[in-house]
């Protein structure tokens, strides 16, 4: 049991050193396990054995260090030499509780070795000092992970050059300056107050219907703000244009696909005719269609109005027509109106002017009357056709058109 006695003496030595020299209480690492020689249960040198170190009460590895600086960690496990000694000093982490296990050689890193002994609850003596009230002055460097299980108060601020992890909640107060970067999801259930801010990603609101996702005091226009709904309506199905007086709407073209109502009048579902214009109050004009007049009740009507003509014009073509002498010979002429009618809904009459040489001849030699083949708003087409083997000839063809 030499090794157990030696281990106990080392712990007593650690405690005595801490009590005699309290200045070492600020050192993170404990006094080393000196390069002791280890033996198996039969008293033989434990050649190539292993020392495993864990967090007390667990199988979670806990590092040891090669010297008091705590910079270079030992491998875990520490593999003993052929003489049963560790290759380096084994320094324990101050303030931590260890579970230390000694295992015989077997496989890689003693994976198949058998346990020689195990000690649990091994601590470095200055842990009791860390549990008391202390004042730390100067620059203190923490080389490894530090765990705070109680409340920590920084009265003069906290500076960190590495990541700061706050995993167990708590509260933050004060003023934070600089440009902090949050890589994870930030949950602020109490809201936040910010000055001018820039968001590089999408902003999403999960507020349910009935609560406005934004409350804005300013009435200044927001450039490039695209919205789908306006007062619960959209451009496909718009809301009424205002509910108070006056409500003036200015538009280049106003189109009502169902009905139109003006100043409390009856709903108007159509307007007869084309190109109908609403002129000054009390009158209506239309460039085409039937004539309008005043009805018995003072309205506008097209029924019972006096007959008027909107256009009357004549056109002539000279020379007119010469069919030739064959039976049923014909000639066709197109006459263009001096001014185009509004459409082809006009009445036309055409006649031919007989040459002087034909005047006084028998009726068998008289020219046939020109007939109208077709007409447009711009011109009219007439045809002259004989019924016998005599030529038909006109010096001139005249047409008169009347548009109602």
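Structure summary
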read-out: Scope segment 64-80; condition assigned to a loop (DSSP other than H, G, I, E, B) and over 24 Å from residue 112 (Cα atoms); matching residues; value: 66, 67, 68, 69, 70, 71, 72
read-out: Qualifying residues in segment 375-404 (those that are closer than 15 Å to residue 330 by Cβ and in a strand (DSSP E or B)) - the one modelled with the lowest pLDDT; value: 393
read-out: Some residue of segment 54-71 being crowded, with 16+ Cβ neighbours inside 10 Å, within 20 Å of residue 99 (Cβ to Cβ) and touching a helix residue (DSSP H, G or I) at 6+ places or on another chain (Cβ under 8 Å); value: no
read-out: Residue under evaluation residue 338, criteria (1) at pLDDT 85 or above; (2) surrounded by 18 or more Cβ atoms within 10 Å (Cβ to Cβ), criterion not met; value: (2)
read-out: Pairs, first on the phi > 0 side of the Ramachandran plot in segment 59-74, second surrounded by fewer than 18 Cβ atoms within 10 Å (Cβ to Cβ), C-beta under 6 Å, six or more apart; value: 70/143
read-out: Residue that is exposed (fewer than 10 other Cβ atoms within 10 Å of the Cβ) and more than 30 Å from residue 63 (Cβ to Cβ), where the choices are 181, 159, 211, 147; value: 211
read-out: Close pairs from segment 220-237: first on the phi < 0 side of the Ramachandran plot and part of a loop (DSSP other than H, G, I, E, B), partner surrounded by 10 or more Cβ atoms within 10 Å (Cβ to Cβ) and modelled with pLDDT under 85, Cβ under 8 Å, at least 6 apart; value: 228/234
read-out: Which listed residue is at pLDDT 90 or above, touching a strand residue (DSSP E or B) at 6+ places or on another chain (Cβ under 7 Å), over 30 Å from residue 139 (Cα atoms) and assigned by TED's automatic domain parsing to the domain that holds residue 123, from 77, 61; value: 77
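A quick yes/no check of all residues on (1) assigned to a strand (DSSP E or B); (2) at pLDDT 85 or above:
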{"position": "82", "(1), (2)": "no, yes"}
{"position": "86", "(1), (2)": "no, yes"}
{"position": "105", "(1), (2)": "no, yes"}
{"position": "119", "(1), (2)": "yes, yes"}
{"position": "132", "(1), (2)": "no, no"}
{"position": "137", "(1), (2)": "no, no"}
{"position": "143", "(1), (2)": "no, no"}
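The values are calculated or read from the model by the stated rules, or taken from the named source; none is laboratory data. Fair warning: this is a prediction, and the values are worked out from it, not measured in the lab. Quick reminder, even Gly has a Cβ in these numbers, built from the backbone with ideal geometry, and neighbours come from all protein chains shown.
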